[in-house]
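Accompanying notes for the structure given below.
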Amino acid sequence: MDLGSLILSLRSPLSRVEGLGSAKEGTAHWWSQRVTAVALIPLTLWLAFSLMTLPALDYDTVRVWLSVPVSGFLAILLVAVTAYHAYLGTTVITEDYVHSTGMKVLILTTLKFLYVLCGGLGMFAILRVVLGFSRL
Amino acid sequence: MPARARPLSPHLEIYRWQISNTLSILHRVTGAILAVGLIALSFWLVSIAGGPDSYAVAMRFFRGAVGIFFLIGWSFAFYFHLLNGVRHLFWDAGRGFEKAQRHASGWFAVAGSVILTLGTWIWIWGHSS
């Protein structure tokens, strides 16, 4: 065994094996940011392309477009993944620039609530349109 | 222990302003702008579920001067964040780190997002008449 490296390092052998660092999350946050980024490339381009190629943006056209299962499904994925990606990104921005603990916790918690609310509302609205409840 | 001025790592102001750090900052700014755009997207989706009347209210906002201003901002933020995000993904894969490549891909992201934004709005105005 390489005793020298064990003695010179202040990290315990267990921490080195786990590789999770001081935040105990390892690369999970960073990696999720990348995976959601890749997923959002086709999803966002689909939304932009769909909206731009609709013949018009009047209510009936948009409702019919969104109520097609493929559109509804992709729109739900888009809202969910966007909310998670934005949550990860704005969390990092907050952690980097807000230094007082109280304000940081307040903003981070507010962001969590905001994204769950926003994502939940968006997905619920899409389901209502897809399932045909929008005109009841 | 006596308070003593410790050596600090260089602060932001000490660096020469250049494309790399400008685009890095712009990536975060556009990301934050797009996070606000998610609220607008949800608002729009909820307005569709609410029926023709609520949809008309939402579209009155989006077709108004303020709405168009925000939509143009979101479209540029989207294209830039998309192109610069792909640039970051290439870096994460260990590619494109040479100085010339960094600068070229940076300017490509800037030019690409401006051209795509202009193209999008020319296309929209051409089809909205």
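Across the protein chains, with a 1.4 Å probe defining accessible surface, the residues A:114, B:23 rank A:114, B:23 from largest area downward.
By the combined test of axial Cα extent (at least 24 Å) and Kyte-Doolittle hydropathy (mean at least 0.5), the qualifying DSSP H helices of chain A come to A:28-53, A:69-97, A:101-130. Counting, for every residue in A:58-68, the Cβ atoms of other protein chains within 10 Å of its Cβ and taking the mean gives 3. Taking θ as phi - 60° and the Karplus parameters 6.51, -1.76 and 1.60, the scalar couplings of segment A:12-17 work out to 6, x, 5, 4, 5, 5 Hz in sequence order, x denoting glycine and proline.
Among B:41-53, A:44-56, sorting by the average number of other beta carbon atoms lying within 10 angstrom of each residue, highest first, gives B:41-53, A:44-56.
Over chain B, with a Gaussian network built from C-alpha contacts below 10 Å, which listed residue (B:66, B:114, B:86) shows the highest mean-square fluctuation? The residue with the greatest mean-square fluctuation here is B:66.
Across peptide B:48-56, the mean count of Cβ atoms from other chains lying within 10 Å of each residue's own Cβ comes to 6.
Peptides A:11-19, A:120-128, B:105-113 ordered by packing proxy, namely the average of other Cβ atoms within 10 Å per residue, highest first: A:120-128, B:105-113, A:11-19. In terms of accessible area, using a 1.4 Å probe and ignoring ligands and nucleic acids, A:100, B:75, A:22 rank largest first as A:22, A:100, B:75. Quick one: among B:102, B:87, B:60, which has the greatest mean-square fluctuation in a GNM of chain B with alpha-carbon springs under 10 angstrom? Per the Cα network of chain B with a 10 Å cutoff, B:60 tops the list. Computed over chain B, relative contact order equals 28 percent, with contacts defined as Cα pairs under 8 Å that lie 6+ residues apart. Cross-link reach is defined here as a Cα-Cα straight distance under 22 Å, omitting same-chain residues fewer than 8 places apart; for residue A:112 the lysines meeting it are A:24, A:104.
The values are calculated or read from the model by the stated rules, or taken from the named source; none is laboratory data. Everything numeric here is computed off the predicted structure, so don't read it as measured data. Neighbour counts are summed over all protein chains in view; Cβ atoms, including those assigned to glycine, are modelled from backbone coordinates with ideal geometry. SASA here: full protein model, heavy atoms, side chains in, ligands and nucleic acids out. Shrake-Rupley method; radii C 1.70, N 1.55, O 1.52, S 1.80 Å.
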